[in-house]
1. List the number of the failed condition for A:His71; all other conditions in (1) within 14 Å of another protein chain (Cβ to nearest Cβ); (2) open to solvent by 50 Å² or more (accessible area, probe 1.4 Å) hold.
2. Which of the residues that make up the range B:1-58 are small (Gly, Ala, Ser), open to solvent by 70 Å² or more (accessible area, probe 1.4 Å) and touching a residue at least 12 places away in the same chain (Cβ under 8 Å)?
3. B:Ile79 versus (1) surrounded by fewer than 20 Cβ atoms within 10 Å (Cβ to Cβ); (2) out of contact with any Leu (no Cβ under 6 Å at 6 or more places or on another chain); (3) more than 14 Å from chain A (Cβ to nearest Cβ); (4) touching a residue at least 24 places away in the same chain (Cβ under 8 Å): which is the lone unmet condition?
4. Quick one: how many residues across the range B:26-49 are among the aromatic types (Phe, Trp, Tyr), within 11 Å of chain A (Cβ to nearest Cβ) and out of contact with any Lys or Arg (no Cβ under 9 Å at 6 or more places or on another chain)?
5. Could you look through the range A:20-45, keep only residues that are open to solvent by 10 Å² or more (accessible area, probe 1.4 Å), of a type in the set (A, V, I, L, M, F, W, C) and in a loop (DSSP other than H, G, I, E, B), and pick out the one that is farthest from A:Thr108 (Cα to Cα)?
6. Yes or no: A:Ala84 over 13 Å from the mean Cα position of the chain (by Cα) and open to solvent by less than 70 Å² (accessible area, probe 1.4 Å)?
Amino acid sequence: GAVVSQHPSRVICKSGTSVKIECRSLDFQATTMFWYRQFPKKSLMLMATSNEGSKATYEQGVEKDKFLINHASLTLSTLTVTSAHPEDSSFYICSVLRRNEQFFGPGTRLTVL
Amino acid sequence: AQKITQTQPGMFVQEKEAVTLDCTYDTSDQSYGLFWYKQPSSGEMIFLIYQGSYDEQNATEGRYSLNFQKARKSANLVISASQLGDSAMYFCAMREGYLRNTPLVFGKGTRLSVIA
């Protein structure tokens, strides 16, 4: 069965609005979650590492004020795209570690009009 | 420098034939892990196979095997007896270091098309 869930799976919003994406680990506690971004026909690019109870670690070039990450519990991390613009349109995927394996959520396709 | 290099943007294979997807990596760590994922058009990332840097045997999982050549820093994926359902993007990835909470770094991927 699924190890990681993401919600919503698809979202379309107007430019200037904020969008929140939830990532949940199912049936286990995840102290570390990762957020990736994937442009069409491109690879997954790591955006940030989300740690429960502490601030997220962002990769170089990722605006922390633009992409707010909150890891409030051991089963939930959220990514908020603030004041979204068309260039933020992408496929966002969260990932969690369980033992030696990295499991991925089903992804969220964001389209900003 | 790129950590993971996949030089084949696209590959075609006849159904029931075997295909090799190339992957080379770059790391100075002695301890690392290599992964292959499949991504169909739905977008989900499906874990296929894992090879640890200290594993002496090549990893195998059903029709998937990993041709691990440590000296060449290559970790090619071999899919035997290709099926139409194998058509997808395939990503090679690496986790560096001893700590298991470091994230995976991905290559650019190879799009595999299986022809009937």
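The values are calculated or read from the model by the stated rules, or taken from the named source; none is laboratory data. None of the values given here were measured: they were computed from a predicted structure. Glycine gets a Cβ as well: all are built from the backbone with ideal geometry, and neighbour counts include every protein chain shown. These accessible areas exclude ligands, DNA and RNA; they are computed on the full protein's heavy atoms, side chains included. Shrake-Rupley method; radii C 1.70, N 1.55, O 1.52, S 1.80 Å.
1. It is condition (2) that A:His71 fails.
2. Matches in the range B:1-58: B:Ala1, B:Ser41.
3. Result: B:Ile79 passes all but (1).
4. First pass over the range B:26-49, keeping only residues among the aromatic types (Phe, Trp, Tyr): B:32, B:35-37, B:47.
Next, only the ones that are within 11 Å of chain A (Cβ to nearest Cβ) stay: B:35, B:37, B:47.
Right, trim to out of contact with any Lys or Arg (no Cβ under 9 Å at 6 or more places or on another chain) and you get B:37.
Of the residues in that region, 1 qualify.
5. The residue in question is A:Phe28.
6. Values: over 13 Å from the mean Cα position of the chain (by Cα): yes; open to solvent by less than 70 Å² (accessible area, probe 1.4 Å): yes.
Taking the combined requirement at face value, the residue satisfies it.
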